[in-house]
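Q: Questions regarding the structure given below will be posed in turn.
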Amino acid sequence: MKYFKFLNFRNGVPVLAFTLLLGVVALLSCEEQRITFEGQSFVRFTDTTLSFKESYNKIITVKVHNAGPQLSESIIVNYTVGGTARENRDYRIIGTKGAVSIPANQSFGEIQVRLINNANNILGSSTVDFNLTTVNPADKLQVGLGKIGKTLSLTIQDACLLDGNYSGNRQVSATRVVTVNDIDISSTDCRTYTLKNWNIGLFSFEATQPTLQFVDNGNNTLTIPRQISDVLSPPRDTLSGTGLWNPQTRRITLNLRVRTVSNTTRKDTTVTIPIVYIPQ
């Protein structure tokens, strides 16, 4: 009788045993739901937001994916486009607008967007808003999971006049030009710019990418203010110079002056290095 004094009885069944029995039933119920669930899969945007400067000159891919099993037939997802950005003035959609295809036996389709750089030194932003509407085959797929994944907002950030990706070119001999691609030039105030790599064939340019700042004077001329390079020997080696911006070709030409002081003779030497940056 000592064993049963810790238990209460309900309809002749110990409460403890009754509770354990309910737990087993609940566990079996969860297992059954997990293995027997069936329903439509859905398609959705892979991202919810994207953001690029208008000076970004590569194709932007807005991905739509089938979150369920791959189908042996192609999937067509229809969408609408809105927002504050102006089509064919701020951006353009490559290919068929309003529909994106997910090929058979694949999971992803792409909407391709190309930005149009109309930089005017007015900093702001606009958006391209995508909204998924319908999908075919409709008997096998649905759009989004509730409200999740149905919309994507692409923000286009206004860029300064000289913002962008460039290839840098330097004439190292009468017959040889050294070129380095994917050099970024950017500004936060449209006056002072940061150039991410001025090392065009001077050092081991595969590993050394020193930055340089220059100022837009507002009349297509540029000034490189006196500054110390992080790859030279501070505080004696300094950079300065002048430059030009061609508004028609958008090319930037810098005449970079490098002043170096010898550690042995204490004499200084100034070398002028012309470098041309061409928009990619």
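Each value in this text was obtained by applying a stated rule to the coordinates, not by laboratory testing. Here the structure is a predicted model, which means the values were calculated and not measured. Cβ placement follows ideal geometry from the backbone for every residue including glycine, while neighbour counts extend to all protein chains displayed.
Q: Express the Stokes-Einstein translational diffusion coefficient of the range 92-226 in µm² s⁻¹, to the nearest whole number, given a Kirkwood radius over alpha-carbon pairs, 20 °C and a viscosity of 1.002 mPa s. Please report the intermediate quantities before stating the final value.
A: Details: Rh = 19.2 Å.
This corresponds to a translational diffusion coefficient of 112 µm²/s.
Q: Among 176, 170, what is the fewest-to-most ranking by other Cβ atoms within 10 Å?
A: 176, 170
Q: Now for a separate question. Compute the Rg to Rh ratio over the range 41-157 from the alpha carbon atoms, using the Kirkwood formula for Rh, and round to two decimal places. Each step should come with its number before you reach the end.
A: Values: Rg = 14.9 Å, Rh = 14.7 Å.
Value, to two decimals: 1.01.
Q: Once you keep just the Cα pairs under 8 angstrom separated by 6 or more residues, what percentage relative contact order results for the range 41-157?
A: 40 percent
Q: Can you list the residues, at least 5 places off or on another chain, whose amide H is less than 5 Å from the amide H of residue 257, using H built in the peptide plane?
A: 240, 241, 242, 273
Q: What residues qualify as long-range amide H neighbours of residue 229, i.e. H under 5 Å apart, gap of 5 or more or another chain, H built at 1.01 Å from N?
A: It is 239, by chain and number.
Q: Once phi is turned into ³J(HN,Hα) by the Karplus curve 6.51 cos²θ - 1.76 cosθ + 1.60 with θ = phi - 60°, what whole-Hz value does each residue of the range 69-74 show in order, with x for glycine and proline?
A: Calculated HN-Hα couplings, in order: x, 5, 9, 7, 10, 6 Hz.
Q: Report the local net charge at residue 123: Lys and Arg +1, Asp and Glu -1, summed over other residues whose C-beta lies under 11 Å from its C-beta.
A: Details: positive: 53; negative: 54, 158, 163, 189.
With Lys, Arg at +1 and Asp, Glu at -1, the net is -3.
Q: Using packing as a proxy for protection, rank 154-166, 63-75 so that the peptide with the highest average count of other Cβ atoms within 10 Å comes first.
A: Working: 154-166: 21.4, 63-75: 16.2.
Packing proxy ranking, top to bottom: 154-166, 63-75.
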